[in-house]
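Notes to accompany the following structure.
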Amino acid sequence: MITLLIDNGHGKNTAGKRSPLMEDGRTQLQEWEFTRKVAQRIVELAPQYDIKPVILVPEEEDIALSIRAARANKYIRSNPAEKCVLVSIHGNAAGNGSAWMKARGWEAWTTIGKNNSDKLAEKLYDAAGKFFPAGTKLRADNSDGDKDKEKDFTVIKKASCPAVLTENFFYDNPDDCRYMLSFEGIDAIARAHLAGTIYYFTK
């Protein structure tokens with residue numbers, strides 16, 4: 001059994017984490033809502049990939065990062081026969097959400113140093129190249145021989161399985177934001193996470 005542990009980032013009470021208003025003066029992307037839509041789409045599509053999805057944060061409110069990691073580790077300990085990986089799903093921003101910015105694209109982060117999470121990130125990049133529109137900028141750091149960026153984010157640092165944090169487009173770029181608000185975008189992001197998980201275990 002392949003199990004995908006899903007950390008849907010932030011909560012509705014997290015300060016900021018939202019786009020500027022769109023052209024209609026009303027529509028605005030909220031990161032907490034976006035990540036939960038992606039997580040729910042992963043759950044809906046998971047049977048097609050023979051993956052068991054587990055949402056770590058069913059709450060709408062923000063949950064402490066250490067608690068998120070503890071939930072993941074408790075699940076892993078309680079289900080030793082399952083092959084688990086974790087993805088922490090986020091939307092990116094180049095500014096503070098008050099103005100539109102130029103930065104665009106998708107990227108994945110692992111912890112500092114070499115470990116199995118690097119392979120998972122590579123497979124997520126492979127899947128991103130397949131499912132996202134042609135010309136999508138896959139933002140990478142190839143300085144150490146692989147594409148992932150590295151920082152010791154708490155959830156992926158403390159998780160006891162391969163774990164990657166994904167930044168799924170920039171909600172303060174108008175074109176990226178429109179994609180993130182669309183069903184097409186939500187669906188493609190969900191499929192990239194599922195396919196990358198399968199690639200990790202099979203390729």
So which residue, out of Gln28, Gln48, Gln40, gets the largest mean-square fluctuation from a GNM of the chain using Cα contacts under 10 Å as springs?
-> Gln48
Quick one: order Glu23, Glu184, Glu167 by neighbouring beta-carbon count within 10 Å, fewest to most.
-> Glu23, Glu184, Glu167
Cα centroids of region 133-186 and region 87-112: how far apart, whole angstrom?
-> 7 Å
Report the antiparallel proportion of the DSSP beta bridges in the chain as a percent, rounded to a multiple of 5.
-> 20 percent
Formal net charge of residues neighbouring Glu23 (Cβ-Cβ distance under 15 Å; K, R +1; D, E -1) = -2
What's the angle, to the nearest 10 degrees (0 to 90), between helix 116-131's Cα axis and the longest principal axis of the chain?
-> 50 degrees
Any idea what the dipole of the chain comes to, in debye rounded to 20, about its Cα centre with Lys/Arg Cβ at +1 and Asp/Glu Cβ at -1?
-> 400 debye
What FRET efficiency comes out for the pair Lys83/Phe183, r = Cβ-Cβ distance, R0 = 22 Å, nearest 0.05?
-> 0.15
Zone of Lys149 (label point 7 Å along Cα→Cβ, backbone N under 17 Å): which residues in region 76-104?
-> 88-97, 101-104
Taking Cα pairs closer than 8 Å and at least 6 residues apart, the relative contact order of the chain in percent is 30 percent
When Lys and Arg each count +1 and Asp and Glu each count -1, what net charge do the other residues less than 14 Å away from Leu181, Cβ to Cβ, add up to?
-> -3
Can you give me the Cα centroid spacing of region 1-41 and region 52-80 in angstrom?
-> 17 Å
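Mean residue ellipticity at 222 nm from the helices of the chain, using -39,500 (n - 2.57) per DSSP H segment of n ≥ 4 over the full residue count, to the nearest 500 deg cm²/dmol?
On the way: 6 runs with 78 residues, N = 203.
After summing the helix terms and dividing by residue count, I get -12000 deg cm²/dmol.
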Would you work out which of Val54, Ser78, Gln28 lies farthest towards the positive end of the dipole of the chain, given +1 charges on the beta-carbon of Lys and Arg and -1 on that of Asp and Glu, about the Cα centre?
-> Ser78
By the scheme Lys and Arg +1, Asp and Glu -1, what is the net charge of all other residues having a beta-carbon under 14 Å from that of Ile2?
-> +2
In the chain, what cysteines have no partner Cβ closer than 4.7 Å?
-> Cys177
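FYI, it's all coordinate maths here, none of it is from the lab. It should be emphasised that the depicted structure is a prediction, and the values quoted were computed from it without experimental measurement. All Cβ positions, glycine included, derive from the backbone under ideal geometry; neighbour counts span all protein chains shown.
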